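Enquirer: Here it is, the structure, as C-alpha cells.
The values are calculated or read from the model by the stated rules, or taken from the named source; none is laboratory data. Given the structure is predicted, the values throughout are model-derived calculations rather than measurements. Quick reminder, even Gly has a Cβ in these numbers, built from the backbone with ideal geometry, and neighbours come from all protein chains shown. Surface areas here come from the heavy atoms of the whole protein model, side chains and all, with no ligands, DNA or RNA. Shrake-Rupley method; radii C 1.70, N 1.55, O 1.52, S 1.80 Å.
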Amino acid sequence: MVEKPLDIDQKLCKGCGICYTLCPKKAIKGDEKGKVVVDNPDLCSKCGICESHCPDYAIFVRREKK
Amino acid sequence: MRPELQKLFRMDKLPHIWCPGCGHGIITRAIAEAINESDLDLDKTVIVSGIGCSSRAPGYMHFDTLHTLHGRALAFATGVKLANPELNVFVLTGDGDATAIGGNHFIHAARRNIDLNIILFNNNIYGMTGGQYSPLTPTGKIASTSPYGNPENNFDIPALAIAAGASYVARGTAFHDKLLIDCIKEGIKNKGFSLIEAMSMCPTSYGRRNKMGNAADMLNDLKTTAVNINVAKKLPPEKLEGKFLIGKLHHKPYPEFTQEYDKLIAKLQKGAE
Ligand SMILES: Cc1ncc(C[n+]2csc(CCOP(=O)(O)OP(=O)(O)O)c2C)c(N)n1
Ligand code: SF4
Ligand code: SF4
Ligand code: SF4
Ligand SMILES: [Mg+2]
C-alpha cells in the first residue's frame, strides 16, 4: 500500500461528479450520494486533474516534496 | 485545498454558494494560482467585482476586495487604480455584468488602456437571476427569456476588446486550467488593459435548459470545442467551424492611462512653479 494519495474534505464536496469522471486512472468514485470517495488508491498517479477541476476545493493531492 | 493556496482564500467562508459543478469555482482557483505564481504583494492587490454569481468570487478571496454594483466593477476599479496606481487591481466579472449593463464601462476602460486585469467569467447566461440570455448567449440557445431559441447574435468578446483598445487579450476555459493560469499571469505582466475571457459553465441555469448533460459533460464540451490558437493557425477554416480559440489572442503594449495621467500632472505642476 502506498501512502494515502489524496486528502478529501467531505464537508466541501457537493457531489458534482467532475473529479471521478475526469480521473484517468479510476482511482476515485462517487458514493451513493455522488460524493467522492477513494476507490483504488494504488492506481492514483497524482496527476492532480481532480484537484484542479474540483469547483469546491474538496481535494488535495499529496505530492512528495522534492 | 493545497495548503499554500489556502492563504489566498477566506477559508472560513467555504463552502461557497455556487451550485454543484459550477465552473466559477474552478476559475477562481486558477486566478488564485496565477496570483500565487506571480509574486504580487498581496497587501497591494485589490480585487473588484460587480453583481452575479461570478461576482461573488472575491468574497472568498483573502485580499482587499470590493463587491460593487451590477455592471459597475470597471468603474470602481478605474477609481481605485487612478487613486493609487501602485496597486495591482483585478476585476472579476460575468458575461452579463461586463457586456450587458456594464458594456459601456468595458469599451471605455479598454480604450483608455488602464492597467487592470479583467477575468470575465463567461457562462453564456445570467446565472444568478435564473437564466436570462446575455450578450454572450450564442444564437439559438434556450434561455428563460428565449424559450424558442435566442434570436440575437452574441458578441465576440476578444474582438470587441481588441477593437476598443485592450493591449492584452486571451481566452482560457475551466477545462484548460493550466493555460488559463498562464494567460492570467501574462495579463498581470502586461502594463495596460488585460482581458482574459474564462469560459465557465452554469449547469443550473444554462446547461439543463440546453440539454448539455451534467457538469462533467459541460467541461468535456469546453475541452472539445476549444482549439489552441497555435494549432488553429495550421488548420483549414472548415476544421474551425463551431470552435472557439484559446490562448494568447492579442498583445500590443502601448502607453497606459494612469502613467500618462501622472505625466500630465507632473508637467502641469512644473508649469505652475
Ligand atoms: C442594476 C441591476 N440590474 C439588474 C440586477 C439583477 N441581476 C443580478 S445578477 C444579474 C446578471 C448576472 O449575470 P452574469 O454577470 O453573467 O453573472 P453570472 O451570475 O452568470 O455569473 C442581474 C441581471 C441587479 N442586481 N442590479
Ligand atoms: S469535483 Fe469536488 S465537489 Fe465535485 S464530486 Fe469531486 S470532490 Fe466533490
Ligand atoms: S490525482 Fe489523478 S489519478 Fe489520482 S485521483 Fe486525482 S485524477 Fe485520479
Ligand atoms: S446559477 Fe449557474 S453560475 Fe450561478 S452558482 Fe449556479 S451553476 Fe454557478
Ligand atoms: Mg453569466
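Enquirer: Among the residues of the range B:67-85 satisfying the criterion of being under 16 Å from the mean Cα position of the chain (by Cα) and aliphatic (A, V, I, L, M), which is farthest from ligand 3 (Cβ to nearest atom)?
Expert: B:Ala75
Enquirer: Could you check, for the range B:219-240, whether at least one of its residues is part of a helix (DSSP H, G or I), among the basic types (Lys, Arg) and touching a helix residue (DSSP H, G or I) at 6+ places or on another chain (Cβ under 7 Å)?
Expert: Within the range B:219-240, not a single residue is part of a helix (DSSP H, G or I), among the basic types (Lys, Arg) and touching a helix residue (DSSP H, G or I) at 6+ places or on another chain (Cβ under 7 Å).
Enquirer: Sticking with this structure for a sec: Looking only at the range B:2-43, count every residue that is at positive phi and touching a Cys at 6+ places or on another chain (Cβ under 9 Å) and tell me the total.
Expert: 1
Enquirer: Now for a separate question. Can you find even one residue in the range A:15-27 that is without any contact (Cβ under 8 Å) to a residue 12 or more places away in the chain and at the interface with chain B (Cβ under 9 Å from one of its Cβ atoms)?
Expert: yes
Enquirer: All but one of (1) near ligand 3 (Cβ under 9 Å from one of its atoms); (2) in contact with a strand residue (DSSP E or B) (Cβ under 7 Å, 6 or more places away or on another chain) hold for A:Gly30; which doesn't?
Expert: Looking at each condition in turn, A:Gly30 falls short on (1).
Enquirer: Within the range B:136-183, how many residues are among the hydrophobic types (A, V, I, L, M, F, W, C) and within 14 Å of another protein chain (Cβ to nearest Cβ)?
Expert: Residues meeting the conditions: 5.
Enquirer: Counting only residues that are touching a Leu at 6+ places or on another chain (Cβ under 9 Å) and within 17 Å of B:Tyr168 (Cβ to Cβ), which one in the range B:251-264 is least open to solvent (accessible area, probe 1.4 Å)?
Expert: Among those that are touching a Leu at 6+ places or on another chain (Cβ under 9 Å) and within 17 Å of B:Tyr168 (Cβ to Cβ), it is B:Thr258.
Enquirer: Kindly indicate the residue of the range A:1-14 that is open to solvent by less than 40 Å² (accessible area, probe 1.4 Å) and touching a Pro at 6+ places or on another chain (Cβ under 7 Å) and also nearest to the other protein chains (Cβ to nearest Cβ) among those meeting that condition.
Expert: Here the answer is A:Leu12.
Enquirer: Something else about it: I'd like to know if the range B:63-76 contains one or more residues that are away from ligand 2 (no atom under 16 Å from the Cβ), without any contact (Cβ under 8 Å) to a residue 24 or more places away in the chain and either under 24 Å from A:Asp9 (Cβ atoms) or at the interface with chain A (Cβ under 8 Å from one of its Cβ atoms) (or both).
Expert: Looking for residues that are away from ligand 2 (no atom under 16 Å from the Cβ), without any contact (Cβ under 8 Å) to a residue 24 or more places away in the chain and either under 24 Å from A:Asp9 (Cβ atoms) or at the interface with chain A (Cβ under 8 Å from one of its Cβ atoms) (or both), one finds at least one in the range B:63-76, hence yes.
Enquirer: Just one of B:Thr204, B:Thr258 is closer than 26 Å to B:Ile184 by Cβ, within 14 Å of chain A (Cβ to nearest Cβ) and part of a helix (DSSP H, G or I); which is it?
Expert: None of the other options fit; the residue is B:Thr204.
Enquirer: Check the range B:104-119 and report whether any residue there is part of a loop (DSSP other than H, G, I, E, B), away from ligand 2 (no atom under 16 Å from the Cβ), open to solvent by 10 Å² or more (accessible area, probe 1.4 Å) and out of contact with any strand residue (DSSP E or B) (no Cβ under 6 Å at 6 or more places or on another chain).
Expert: yes
Enquirer: Name the residue that is surrounded by the most Cβ atoms within 10 Å (Cβ to Cβ), counting only residues in the range A:36-63 that are facing another protein chain (nearest Cβ under 8 Å) and part of a helix (DSSP H, G or I).
Expert: Per the stated criteria, the residue is A:His53.
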